[in-house]
Structure formats: C-alpha cells, structure tokens
Amino acid sequence: MTQMIQKIISSLGKGRVALNEPMAKHTTFKIGGPADLFYSARTQEELIKAVKLARENNFPYFILGNGSNLLVKDKGYRGLVIKYQAAKVFKEKEKIIVEAGMLLSQLIKESVKNGWGGLEFLAGIPGSLGGAIRGNAGAWQKSIGDLVSRVKVLDKNGKTLWLNKNDCRFSYRQSRFKISGEIILAAEFCLPKKEKKEILKLIEEYTLKRSNQPKEPSAGCVFINPKPFSAGEMIEDCGLKGKKSRQAQIAKSHANFIINLNQAKAKDVLTLMDQIKEKVKTKFGVDLKEEIVILGE
C-alpha cells in the first residue's frame, strides 16, 4: 500500500474507506472492475473534505451518484471513488433545497408527501439528483433543468457557490457541469402546489409509459437522441435489435438500451457500442454521441 493511499485512508477514517471495491456493486449496469479506494460521503462537508484531500495530493477522484448512467471498464478505476449520499430537504417559504445525493425515487416520494408538482415525469428514472442535473435528465420533452432555479456547487478552487439557472447552461441532455469540473452539492426548486391524487395519477401515467423499457441491468439510454431523430429508431432500422456480444445485448424492447444478460463485461458493451456507431454512421451519416459516462481502464 502506498503512502498516499495510507494518508487518504487515515484522513477519511479507516472504517470508512474500502480498498479494491468492485464497481459492479455500485452501478445499475452491474458491470465494472475495482476502484482503488471507495468512500461514501454522507454530508456535504464530508464530500468537500474528500475532494479537497484528493486535489491537494493530485490523487484521481470520481464523484458517484447512483451509478445509473455509468459504464465502468473491466480493470476498474485507479483512484478514489466518492459516493455522494447527502440527501436532506430544506424548505424555505416557496423554495425547496434538495441535497444532490438524494435518489430521484426518493424525491418523487417527497413531492407526493408535500404536494409539490412538476417532478412526476422523473418517475422511474433510477439516478440521483446530482447526476440528473449534470445530464439534464428527462423524458417526453421535459427536463429537470426546466424546474431548477439554482444549483449549489463546489468549484475547482474549493469554493462553494450558488449558480442561477441561466448560468447552468441547460440544454438537451447537457449542462455546464459536464465540462466545468464543478461538483453539484444541492439544488433549489420552486415547485407549484398540486393535489396529491393528481400527482399520483401523473406518476402512474409516466410509470406506465416506461413499462416497455428493459428490466435487465442497464445504464439506461446509451446514446443521446440526435434531434430531430431517435437514436433507438435508427439503431432498430439498422437491424441491430437483439444483437449480442457475449453476455451483453442490444435490448429487443428498446434498441437504445444495452443490457447485461449475466455477468457481461464492459468490453462486450463497448463492442456493441462501436458496432452501433459504425452502422448508424454508414446508414444515416449521423455520429451518435454517448449519453452514458465511461470510466476507468
């Protein structure tokens, strides 16, 4: 064990840091080799401390939410994975502040309990709030960026600050956070009050719409829709639905999903992704861009 690793473990707490943690345990794809170090930050302060420690020692780090839009390569990650789990809700008059470690499923439950409207379309998305904001997650012409009024971040200089909606530069499946290096700590929403039964009805409708999506382990949609086209339809038109590479398969029910049939490897998924990109480029002249994050080596 190197002195650097010993220093990080000592600083974060011996019982809090796991060595050689299999990332397959922490992604919805259930794929991925080991991270050198794995730490769960339960509060904003713990996250900030861990990031500061890694930065000061030039030690690679990666912030993990729910691992729902992530493919970790088979040899894993050489560095510190910090799983952000802070998930408190603070109410200030008409404003609601939610820590970014909260799962979207829990946020939906909070919206039902408190009569907050507007979040219903997120029902069934398995990610965390931070990951959803980073990728401006959404469906059916709705995106989470539409609802956010401010985002609290940790910047590259170790300072915390609030960014207004316009500063976040939300667009289709994009935000400034994909390139800025800023870490999302929390978000502020101004949500309209709505009757509980109306919220539940909409949640049920959106959940039903998602019922055609694969139930097997996956990372959700693999490619961003090249508007005005649908990536899934283009992949299907290339005759790739159901195509396999060992234990990875392009889903029969939705061609923009790649599923893990049974202990698939990242290399199998990447093989299918390369084949998809090549076929779509040849048939349609379109370069598909990944929606999922690819991490490791």
Within region 51-65, is even one residue closer than 30 Å to Glu204 by Cα, under 16 Å from the mean Cα position of the chain (by Cα) and crowded, with 20+ Cβ neighbours inside 10 Å?
yes
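For every residue, the table says whether it meets (1) closer than 14 Å to Ala24 by Cβ; (2) assigned by TED's automatic domain parsing to the domain that holds Lys227; (3) at pLDDT below 95; (4) within 21 Å of the chain's Cα centre (by Cα).
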{"site": "Ile258", "(1), (2), (3), (4)": "no, yes, no, yes"}
{"site": "Ala266", "(1), (2), (3), (4)": "yes, yes, no, yes"}
{"site": "Thr271", "(1), (2), (3), (4)": "no, yes, no, no"}
{"site": "Gln275", "(1), (2), (3), (4)": "no, yes, no, no"}
{"site": "Phe284", "(1), (2), (3), (4)": "no, yes, no, no"}
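Evaluate the following for Lys194: is it farther than 30 Å from Lys52 by Cα, not acidic (Asp, Glu) and not assigned by TED's automatic domain parsing to the domain that holds Phe257?
So Lys194 fits the description; yes.
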Report yes if Glu216 is surrounded by 12 or more Cβ atoms within 10 Å (Cβ to Cβ), over 24 Å from Ile133 (Cβ atoms) and under 19 Å from the mean Cα position of the chain (by Cα), otherwise no.
yes
Matching entry among Gly124, Gly65, Gly117 (being small (Gly, Ala, Ser) and either modelled with pLDDT of 95 or more or under 27 Å from Val17 (Cβ atoms) (or both)):
Gly65
Under 7 Å between Cβ atoms, which residue pairs at least 6 apart in sequence (or on different chains) link something in region 54-83 that is on the phi > 0 side of the Ramachandran plot with a partner that is at pLDDT 95 or above and of a type in the set (Ser, Thr, Tyr)?
Gly67/Thr27; Gly67/Thr28; Gly79/Tyr61
With the condition kept exactly as written, say whether any residue in region 237-246 is within 24 Å of Ser128 (Cβ to Cβ), free of Cβ contacts under 8 Å to residues at least 40 places away in the same chain and buried (at least 18 other Cβ atoms within 10 Å of the Cβ).
no
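Condition (residue is surrounded by 23 or more Cβ atoms within 10 Å (Cβ to Cβ), of a type in the set (Val, Ile, Thr) and assigned to a strand (DSSP E or B)) applied to region 149-161: is it met by at least one residue?
Looking only at region 149-161, we keep the residues that are surrounded by 23 or more Cβ atoms within 10 Å (Cβ to Cβ), and these are 151, 153.
Pick out the ones that are also of a type in the set (Val, Ile, Thr) and you get 151, 153.
If we keep only those that are assigned to a strand (DSSP E or B) too, we end up with 151, 153.
Taking every residue of region 149-161 in turn, at least one turns out to be surrounded by 23 or more Cβ atoms within 10 Å (Cβ to Cβ), of a type in the set (Val, Ile, Thr) and assigned to a strand (DSSP E or B).
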Exactly one of Ile199, Ile133 is farther than 29 Å from Lys30 by Cβ, among the hydrophobic types (A, V, I, L, M, F, W, C) and in a helix (DSSP H, G or I), and that residue is Ile199
For region 136-148, give me each residue that is crowded, with 16+ Cβ neighbours inside 10 Å, outside any loop (DSSP other than H, G, I, E, B) and touching a residue at least 40 places away in the same chain (Cβ under 8 Å).
Val148
Does Thr207 qualify as being in the same structural domain as Gly138 (by TED's automatic domain parsing), of a type in the set (Ser, Thr, Tyr) and either on the phi > 0 side of the Ramachandran plot or more than 21 Å from the chain's Cα centre (by Cα) (or both)?
no
For region 176-196, give me each residue that is at pLDDT below 95, closer than 23 Å to Glu290 by Cα and outside any helix (DSSP H, G or I).
Gly181
With the checklist (1) in contact with a Leu (Cβ under 8 Å, 6 or more places away or on another chain); (2) closer than 16 Å to Leu295 by Cβ in hand, flag the one item Ala86 doesn't pass.
(2)
Identify all residues within region 205-247 that are over 27 Å from Gln263 (Cα atoms), assigned to a helix (DSSP H, G or I) and modelled with pLDDT under 95; write none if there are none.
Glu205, Tyr206, Thr207, Leu208, Lys209
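The values are calculated or read from the model by the stated rules, or taken from the named source; none is laboratory data. Since the model is a prediction, treat every value here as computed from it, not as a measurement. Cβ: placed from backbone, ideal geometry, glycine included. Neighbour counts: every protein chain shown.
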